[in-house]
Amino acid sequence: MNIGEPWPDLDEAQARVLKVQTKLHQWATDDPHRRFDDLYNLVCDPAFLVVAWDRVRGNRGARSAGVDGVVPRSIVFGDVLLGRLRAELKDRSFQPMPVRERLIPKAAGKVRMLGIATARDRVVQASLKLVLEPIFEADFKPCSYGFRPKRRAQDAIAEINFFASRSYEWVLEGDIKACFDEISHPGIVGRLRERIGDKRVVGLVKAFLHAGILGEDGRNRETITGTPQGGILSPVLANIALSVLDEHFAEAWESMGDFNARAARRRKGLATYRLVRYADDFVVLVAGSRGDAEGLRVEVQRVLAPMGLRLSEEKTRVVHIDEGFDFLGWRIQRQQKRGTTKRYVYTYPSKKAVLAVCDRVRALTKGSQHLTLSALLDRVNPVLRGWANYFKHGVSKATFSYLDTFAWRRVVGWLRRKHHRANWSWLRRRHLPRWRPTEGDTTLFNPASVTITRYRYRANRIPSPWATGTEPVVA
């Protein structure tokens with residue numbers, strides 16, 4: 001593209017990027033050992049930069065500034081930013097800036113570190129992701145679900161339910177200690193080089209890994225290990241590193257043969273097992289004994305060691321499906337069906353997830369008397385709706401009713417504090433038609449109105465977004 005040539009519009013850029021991604025994915029699928037050269041020109045390509053900028057400006061993080069203090073949504077002339085970035089990338093003068101540290105409180109007094117990159121760095125990371133993701137998606141295994149296109153947490157839960165209902169009764173519940181903070185940079189780069197032969201792209205990834213962190217205390221720190229959570233490129237790099245675990249268990253699964261061969265193996269007293277991973281959270285489902293599941297703990301630790309990762313001794317445990325365990329906000333447990341002697345594996349919202357959404361509603365309805373009721377409901381309703389839509393594929397009806405009652409009490413309590421001189425008759429007439437908090441066209445969302453539906457287990461039939469129709473379905 002010549003310097004004076006106008007930048008492509010978004011539709012044109014998206015079509016071009018999709019076409020190139022489809023080719024990259026097809027080539028990677030056809031030849032698992034192919035190393036890709038000359039990808040750097042794609043990272044600099046105007047179409048890739050335009051799509052990258054659209055994603056950076058359109059996501060929730062666009063409201064947060066990096067160390068340069070520039071909020072992406074405040075940038076009016078995006079083509080100027082992209083022009084400067086492209087020039088710096090082409091003459092190899094681009095250098096990423098440190099990420100801004102933001103500490104997020106967690107349970108038990110712990111904190112989680114988010115790294116907020118500058119707007120310009122986010123655009124380059126997004127462009128890198130557009131180039132790298134279709135290549136590595138051809139290699140990723142079906143057992144991985146986190147931060148991958150067209151895959152979601154419900155797929156992971158459905159797979160756990162499927163296997164736990166078929167004799168996989170012991171569960172190794174794994175927790176990787178400080179995964180995003182401790183991933184080995186040489187480990188990531190080594191796996192990156194197995195597919196990427198363009199040294200300029202590898203060098204750009206290394207530059208982001210070593211960009212450093214500006215802490216909340218104002219001090220600059222080097223990043224010797226890890227990839228900061230919150231970065232656009234971080235989930236892809238984490239999946240590249242953690243795919244060592246997927247590959248190990250996929251090879252073991254394939255070596256056990258088909259369904260009949262696995263059944264014969266179990267009759268001989270040998271265990272069969274299956275990994276289900278979502279980002280750095282994973283479980284290994286075991287058809288065997290507790291000892292078989294305990295033995296896999298050492299095996300997992302050995303596989304993760306080259307990536308600089310280790311299991312948390314306190315949180316990694318072996319449980320039976322009858323005891324149940326929490327995963328991705330769900331409680332998964334086998335129980336006896338009421339009125340029968342049969343037992344089934346049930347999935348329903350965990351207590352921790354219920355408490356979390358209640359705390360969110362409580363925080364939104366605490367104070368804020370300056371708001372109108374409709375403004376308050378505009379804050380509360382998305383929380384209730386999103387939570388209910390996430391859990392609508394489980395045994396959640398009773399929980400939804402409880403959440404509706406809780407939210408109703410909190411909003412009505414907020415109304416009574418706001419209008420402390422009003423009596424019940426006035427409140428009912430003004431804000432509670434049919435006993436639902438309402439103002440204008442806005443009514444408190446009722447989670448109990450969400451229909452409970454069974455999630456369809458898709459197994460390895462999840463299509464790639466870059467499938468051409470001539471390749472096998474990539475799961």
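The values are calculated or read from the model by the stated rules, or taken from the named source; none is laboratory data. A quick note: this is a predicted structure, and the numbers were derived from the prediction, not measured. As a convention, Cβ positions derive from the backbone with ideal geometry for all residues, glycine included, and neighbour counts pool all protein chains shown. Quick note on the areas: whole protein, heavy atoms, side chains included, nothing else; ligands and nucleic acids left out. Shrake-Rupley method; radii C 1.70, N 1.55, O 1.52, S 1.80 Å.
The table below gives the values:
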{"read-out": "Residue identified as in a strand (DSSP E or B) and either among the hydroxyl-bearing types (Ser, Thr, Tyr) or over 25 Å from the mean Cα position of the chain (by Cα) (or both) among GLN335, GLN369", "value": "GLN335"}
{"read-out": "Top-ranked residue of region 301-332 - restricted to ones that are modelled with pLDDT of 95 or more, assigned to a loop (DSSP other than H, G, I, E, B) and among the acidic types (Asp, Glu), ranked as most open to solvent (accessible area, probe 1.4 Å)", "value": "GLU323"}
{"read-out": "Selected residue (only one of ILE157, ILE176 is touching a strand residue (DSSP E or B) at 6+ places or on another chain (Cβ under 9 Å), buried (at least 22 other Cβ atoms within 10 Å of the Cβ) and modelled with pLDDT under 95)", "value": "ILE176"}
{"read-out": "Hits in region 202-255 - residues which are open to solvent by less than 10 Å² (accessible area, probe 1.4 Å), under 18 Å from ALA52 (Cβ atoms) and either in a helix (DSSP H, G or I) or out of contact with any Ser or Thr (no Cβ under 8 Å at 6 or more places or on another chain) (or both)", "value": "VAL205, SER234, VAL236, LEU237"}
{"read-out": "Sole residue being of a type in the set (S, T, N, Q), out of contact with any Asp or Glu (no Cβ under 6 Å at 6 or more places or on another chain), under 30 Å from ALA164 (Cβ atoms) and crowded, with 19+ Cβ neighbours inside 10 Å, chosen from THR341, THR365, THR347", "value": "THR347"}
{"read-out": "Wholly enclosed helices (runs of 4 or more DSSP H) of region 25-125 bearing at least 2 residues under 28 Å from THR468 (Cα atoms), in contact (Cβ under 8 Å) with a residue 24 or more places away in the chain and open to solvent by less than 20 Å² (accessible area, probe 1.4 Å)", "value": "40-43, 46-58"}
{"read-out": "Given (1) among the β-branched types (Val, Ile, Thr); (2) crowded, with 18+ Cβ neighbours inside 10 Å; (3) within 15 Å of THR451 (Cβ to Cβ), index of the condition VAL395 fails", "value": "(2)"}
{"read-out": "One residue from LEU371, LEU384, LEU376 being open to solvent by less than 70 Å² (accessible area, probe 1.4 Å) and within 28 Å of THR347 (Cα to Cα)", "value": "LEU384"}
{"read-out": "Residue within region 185-195 that is of a type outside the set (Ser, Thr, Tyr), over 26 Å from MET97 (Cβ atoms) and in a loop (DSSP other than H, G, I, E, B) present", "value": "yes"}
{"read-out": "Test for THR442: is it at pLDDT 90 or above, buried (at least 16 other Cβ atoms within 10 Å of the Cβ) and among the polar types (S, T, N, Q)", "value": "yes"}
{"read-out": "Condition met for LEU296 (of a type in the set (A, V, I, L, M, F, W, C), farther than 30 Å from ILE104 by Cβ, out of contact with any Pro (no Cβ under 8 Å at 6 or more places or on another chain) and at pLDDT 95 or above)", "value": "yes"}
{"read-out": "Residues (of a type outside the set (Gly, Ala, Ser) and free of Cβ contacts under 8 Å to residues at least 12 places away in the same chain) located in region 194-220", "value": "LYS199, ASP217, ARG219"}
{"read-out": "Number of positions in region 262-300 that are part of a loop (DSSP other than H, G, I, E, B) and not polar (S, T, N, Q)", "value": "7"}
{"read-out": "Criterion (within 30 Å of LEU24 (Cα to Cα), out of contact with any Asp or Glu (no Cβ under 6 Å at 6 or more places or on another chain) and open to solvent by 10 Å² or more (accessible area, probe 1.4 Å)) met by exactly one of ASN389, ASN460, ASN423", "value": "ASN460"}
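Conditions tested, residue by residue: (1) of a type in the set (A, V, I, L, M, F, W, C); (2) touching a strand residue (DSSP E or B) at 6+ places or on another chain (Cβ under 6 Å); (3) under 30 Å from GLN14 (Cβ atoms).
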{"residue": "LEU371", "(1), (2), (3)": "yes, no, no"}
{"residue": "ALA375", "(1), (2), (3)": "yes, no, no"}
{"residue": "ARG379", "(1), (2), (3)": "no, no, no"}
{"residue": "PHE391", "(1), (2), (3)": "yes, yes, no"}
{"residue": "ARG410", "(1), (2), (3)": "no, no, no"}
{"residue": "ARG417", "(1), (2), (3)": "no, no, no"}
{"residue": "ARG428", "(1), (2), (3)": "no, no, no"}
{"residue": "TRP435", "(1), (2), (3)": "yes, no, no"}
{"residue": "PHE445", "(1), (2), (3)": "yes, no, no"}
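Yes or no, residue by residue, for (1) in contact with a Leu (Cβ under 8 Å, 6 or more places away or on another chain); (2) farther than 15 Å from TRP387 by Cα; (3) touching a residue at least 12 places away in the same chain (Cβ under 8 Å); (4) not β-branched (Val, Ile, Thr):
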site: GLY308; (1), (2), (3), (4): no, yes, yes, yes
site: TRP330; (1), (2), (3), (4): no, no, yes, yes
site: LYS337; (1), (2), (3), (4): no, yes, no, yes
site: SER350; (1), (2), (3), (4): no, no, yes, yes
site: LEU355; (1), (2), (3), (4): no, no, no, yes
site: CYS358; (1), (2), (3), (4): yes, no, yes, yes
